[in-house]
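K.L.:
Below is the structure I would like to discuss, written out as structure tokens.
Derivation of every value follows stated rules applied to the coordinates shown; laboratory data play no part. Only a predicted model underlies this, so the values are computations on that prediction, with no experimental measurement involved. Cβ sites come from the backbone with ideal geometry, for glycine too, and all protein chains shown count toward neighbours.
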Amino acid sequence: MEQNIPQPGELLSKINTPEDLRKLDPKELQDVCDELRNYIIDMVSVYGGHFGASLGVVELTTAIHYVYKTPEDRLVWDVGHQAYGHKILTGRREQFHTNRLYGGISGFPKRTESEYDTFGVGHSSTSISAALGMAVANTLDKGDRKVVAVIGDGSMTAGLAFEAMNNAGAMNSDILVILNDNCMSIDPNVGALKEYLTDITTSKTFNKMRDEIYDMLGHFKSAGEKMRKVASRLENAVTAAITPGSLFRALGFKYYGPMDGHDVDGLRKTLEDLKTVKGPKLLHVVTVKGKGFAPAEREQTKWHASSSPFDKITGKALNPAPKTKGAPKYQDVFGEALVELAAKDERIVSMTPAMPSGSSLWPMMNTFPERAFDVGIAEQHAVTFAAGLATEGKKAFCAIYSSFLQRGYDQLVHDVAIQKLPVVFCIDRAGFAGADGPTHHGLYDIAYMRTVPNMVISSPLNEQDLRDMMFTASTFEDASWAIRYPRGKATGMSVRQEFETLEIGKGIELREGENIAVLSFGPIGKYAITVADDLAEEGINIGHYDMRFAKPLDEELIDEICEKYDHIITLEDGAKMGGFGSAVAEYIIEKENRPSVKILGIPDVIVEHGTQEELHDEVGIGVKGIKEAVLSILEKV
């Protein structure tokens with residue numbers, strides 16, 4: 001495998017740290033950028049990974065590390081999709097082929113991985129808050145280091161970013177925020193801020209007038225002190241009146257831009273100037289996501305990331321799998337079912353926080369555009385927006401990733417549960433998320449929702465159950481309902497067209513056995529099915545029950561299981577503490593004659609990245625782990 005690792009260009013091969021980069025002549029920086037962009041394309045075309053965002057900030061990344069003395073000067077990335085060039089320039093070029101692989105380097109900035117990764121990020125809009133904390137610490141320490149935050153226009157739609165800017169402006173902290181404006185997050189950006197930034201970057205009148213005014217003021221500055229003061233006041237008054245950075249200035253920031261984010265020399269000069277400007281500053285740079293790779297520039301959503309090898313010229317997949325109709329993804333089952341339900345029930349509406357592709361909300365948005373909403377990167381707003389719709393009799397389906405819903409937990413409690421509003425949360429990426437790692441794993445939703453009254457918590461074993469759960473939830477008005485399902489493919493089973501109502505809080509017996517029963521919650525139950533089949537061939541018969549609901553529990557079925565079996569194993573793709581297994585144990589502990597309970601789930605540790613199967617095996621909830629748990633019990637009998 002080693003001989004297939006792409007090799008860097010002549011300049012890039014000599015850059016092991018930003019200090020090496022800073023030894024180069026400024027005239028060589030564009031060559032470095034070209035080599036860095038080609039190296040990212042070469043690597044991702046072979047090993048996969050996030051793609052478009054990093055290509056778009058090659059010049060910006062190079063200029064920042066050239067001008068600022070990182071890691072002493074602090075550089076904070078937002079999200080982290082865009083940090084591949086940063087990783088390559090900061091000592092991880094030789095390890096970059098392990099990016100996102102099990103045991104390899106992370107696909108995101110990670111503090112334990114490098115001193116250049118000043119703040120760990122996986123989700124959006126945290127950079128300004130973190131950078132402000134670093135800037136304030138620097139002031140308290142009487143230091144002289146600089147602090148730079150790089151944030152995308154998509155991330156800027158989140159409330160957290162504006163909370164941080166409001167605070168930074170009021171504190172007059174010495175911080176530079178670089179707004180990387182490419183009109184994209186993963187899907188195209190939406191909302192008033194997007195329109196505002198578009199107006200800034202496309203206004204010919206503004207750009208022409210700005211250049212003329214700056215040119216005029218340049219002449220004034222050669223005059224005496226009095227004229228310079230007049231010029232300064234004139235500059236402030238005119239820029240406030242005609243320039244489009246008024247929103248940022250209102251928050252206390254000096255606004256600069258917009259400027260070409262692919263002009264590395266221009267960026268270098270501007271950043272050198274801004275190093276001497278005190279206080280909060282915002283530099284607005286305009287970039288192209290996927291810059292330098294034509295297929296990514298044309299289809300930016302598609303090329304946000306690539307999971308399989310492709311031709312680095314054409315973008316076509318290498319050795320593509322035969323085109324056969326395989327199992328659908330759970331997210332697509334959700335998307336298709338939602339359209340079918342919405343066609344039958346005009347009360348149904350839906351929303352997602354900036355993930356219509358990842359959540360498969362596009363079918364709904366295309367079919368019923370007036371009833372489907374992308375609210376931008378604003379998870380808290382998405383939940384309360386759904387609650388507001390529910391107060392008016394609408395049936396809101398909120399499509400959201402498990403790790404994103406964590407951001408809206410307060411709204412889930414206060415705005416949905418306390419008011420007993422029947423919002424349906426369709427929770428994608430529940431369980432291990434795979435190569436995206438710990439910031440994206442959806443491990444805590446069962447535990448954090450179980451404690452909240454007026455919540456139904458369910459998880460389907462397969463795509464048929466998912467459809468029926470959605471249908472049943474669409475007619476349920478007594479409380480909110482959470483349906484969790486994992487990233488990736490469903491079973492591929494034949495699905496009936498019509499929907500059926502499920503009995504709430506009821507599980508089913510999949511297999512009758514002796515002595516040991518496995519109670520599974522959700523699609524992870526597929527492993528238990530395999531284990532039961534394998535053990536049956538060895539003459540060991542275990543029971544298997546698909547519980548379907550973590551809340552309310554099927555206490556009647558559990559009572560029957562307790563009568564029949566001496567040992568229970570619970571299985572879930574979620575945190576052990578407070579999860580489904582805990583719920584079963586809490587119920588059984590009240591019984592006088594109770595079976596033993598072993599909980600299989602995610603332990604109280606941060607689990608890194610890898611394939612879902614690798615991570616399931618690592619924590620003992622894959623086929624091997626379940627089988628070992630069964631045999632361990634039998635050895636003690």
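K.L.:
Starting from the amide H of residue 510, placed 1.01 Å from N in the peptide plane, find each other amide H under 5 Å away whose residue is 5 or more places distant or on another chain.
P.N.:
Placed amide hydrogens put 544, 545, 546 under 5 Å from residue 510.
K.L.:
Binning at 10 Å from 0, report for the chain what percent of all alpha-carbon pair distances ends up in each bin.
P.N.:
Final binned percentages: 3, 15, 23, 23, 18, 11, 5, 2, 1, 0.
K.L.:
Using only Cα atoms, what is the ratio of the radius of gyration of region 17-89 to 2.2 N^0.38 Å?
P.N.:
Dividing the Cα Rg of region 17-89 by 2.2 N^0.38 Å gives 1.07.
K.L.:
Turning to a different aspect of this structure: Along the Cα→Cβ direction, 7 angstrom out, place labels at residue 538 and residue 476. What is the inter-label distance in nm?
P.N.:
3.7 nm
K.L.:
Percent of alpha carbon pairs in region 349-420 separated by more than 14 Å?
P.N.:
Summing the P(r) of region 349-420 above 14 Å gives 54 percent of all pairs.
K.L.:
I would also like to ask the following. Taking R0 as 60 Å, what's the FRET efficiency between residue 144 and residue 370 from their Cβ-Cβ distance, rounded to 0.05?
P.N.:
Result of the calculation: an efficiency of 0.65.
K.L.:
Moving on to the next point. Any idea what angle helix 192-202 forms with the longest principal axis of the chain, computed on alpha-carbon atoms, 0 to 90 degrees, nearest 10?
P.N.:
The answer is roughly 30 degrees.
K.L.:
Turning to a different aspect of this structure: What FRET efficiency do you get for residue 489 and residue 273 if R0 is 51 Å and r is their Cβ-Cβ distance, rounded to the nearest 0.05?
P.N.:
0.45
K.L.:
DSSP beta bridges in the chain, what fraction antiparallel, as a percent rounded to 5?
P.N.:
Beta bridges within the chain, antiparallel portion: roughly 15 percent.
K.L.:
Within 10 Å, count the other beta carbons around each residue, average over each peptide in 496-504, 455-463, and list them highest first.
P.N.:
Working: 496-504: 12.2, 455-463: 24.8.
Peptide ranking by packing, descending: 455-463, 496-504.
K.L.:
Something else: Could you name the aspartates and glutamates in cross-link range of residue 489, using Cα to Cα under 14 Å and dropping any fewer than eight places away on the same chain?
P.N.:
Partners found: 332, 428, 463, 613.
K.L.:
Oh, and also: Calculate log10 I(q)/I(0) of region 508-636 for q = 0.13 Å⁻¹, where I(q) comes from the Debye formula with a single equal point scatterer on each Cα and nothing for solvent.
P.N.:
-0.48
K.L.:
To test your reading of the geometry: what angle, between 0 and 90 degrees and rounded to tens, separates the Cα axis of helix 623-636 from the longest principal axis of the chain?
P.N.:
In the chain, helix 623-636 runs at an angle near 40 degrees to the longest axis.
K.L.:
I've got another one for you. Given the Cα-Cα distance of residue 332 and residue 171 and 0.36 nm per residue of separation, how much length would full extension add, in nm?
P.N.:
Numbers: separation 161, 0.36 × 161 = 57.96 nm, distance 4.65 nm.
Full extension from residue 332 to residue 171 adds 53.3 nm.
K.L.:
Kindly work out what percent of the DSSP beta bridges joining two residues of region 508-636 are antiparallel, to the nearest 5.
P.N.:
Looking only at bridges with both residues in region 508-636, the antiparallel portion is about 15 percent.
K.L.:
For region 330-484, what does the equivalent ellipsoid look like in terms of its semi-axes, each the square root of 5 times an eigenvalue of the Cα gyration tensor, given largest first in whole Å? Intermediate values should be presented prior to the final figure.
P.N.:
Numbers: eigenvalues 78, 66, 47 Å².
Square roots of five times the eigenvalues give 20, 18, 15 Å.
K.L.:
Can you pull out the trypsin sites (Lys or Arg not before Pro) in region 18-58 whose DSSP state is coil and whose Cβ has at most 14 other Cβ atoms within 10 Å?
P.N.:
Here the trypsin sites (Lys or Arg not before Pro) that fit, given the DSSP loop and packing criteria, are 23.
K.L.:
Now, a different point. Quick one: of 395/526; 289/316; 23/69, which pairs are farther than 21 Å apart, Cα to Cα?
P.N.:
395/526
K.L.:
What length, rounded to one decimal in nm, is gained on full extension from residue 514 through to residue 418, with 0.36 nm per residue of separation minus their alpha-carbon distance?
P.N.:
Working: separation 96, 0.36 × 96 = 34.56 nm, distance 4.30 nm.
Net length gain for the segment: 30.3 nm.
K.L.:
On a full-extension model of 0.36 nm per residue, what is the gain between residue 347 and residue 27, subtracting their alpha-carbon distance, rounded to one decimal in nm? Mind dumping the intermediate values first?
P.N.:
On the way: separation 320, 0.36 × 320 = 115.20 nm, distance 6.13 nm.
Between residue 347 and residue 27, full extension yields an extra 109.1 nm.
K.L.:
Sticking with this one: For the ranges 427-435, 534-542, what's the packing order if you count other beta-carbon atoms within 10 Å of each residue, average per peptide, and put the highest first?
P.N.:
The packing order, highest mean first, is 427-435, 534-542.
K.L.:
Related question: Which percent, to the nearest 5, of DSSP beta bridges fully inside region 330-484 are antiparallel? Could the numbers behind the result be given before it?
P.N.:
Numbers: 1 of 21 bridges.
The antiparallel proportion sits near 5 percent.
K.L.:
Residue 259 to residue 608: FRET efficiency via 1/(1 + (r/R0)^6), r the Cβ-Cβ distance, R0 41 Å, to the nearest 0.05?
P.N.:
On the way: r = 38 Å, r/R0 = 0.92.
The pair residue 259/residue 608 has a calculated efficiency of 0.60.
K.L.:
Further, regarding this structure: Taking the mean number of other Cβ atoms within 10 Å as a proxy for protection, how do you rank 268-281, 405-418 from highest to lowest? Mind showing how you got there, number by number?
P.N.:
Numbers: 268-281: 15.1, 405-418: 19.6.
So the order, starting with the most tightly packed, is 405-418, 268-281.
K.L.:
Sticking with this structure for a sec: Restrict the search to region 361-416; then list the GluC sites (Glu not before Pro) that DSSP places in a loop and that have at most 16 other Cβ atoms within 10 Å of their Cβ.
P.N.:
392
K.L.:
Report ³J(HN,Hα) in whole Hz for each residue of region 531-548, in order, from the Karplus equation J = 6.51 cos²θ - 1.76 cosθ + 1.60 where θ = phi - 60°; Gly and Pro get x.
P.N.:
Computed from phi, the couplings for region 531-548 are 4, 4, 5, 5, 5, 4, 5, 9, x, 10, 10, 10, x, 9, 10, 8, 7, 6 Hz.
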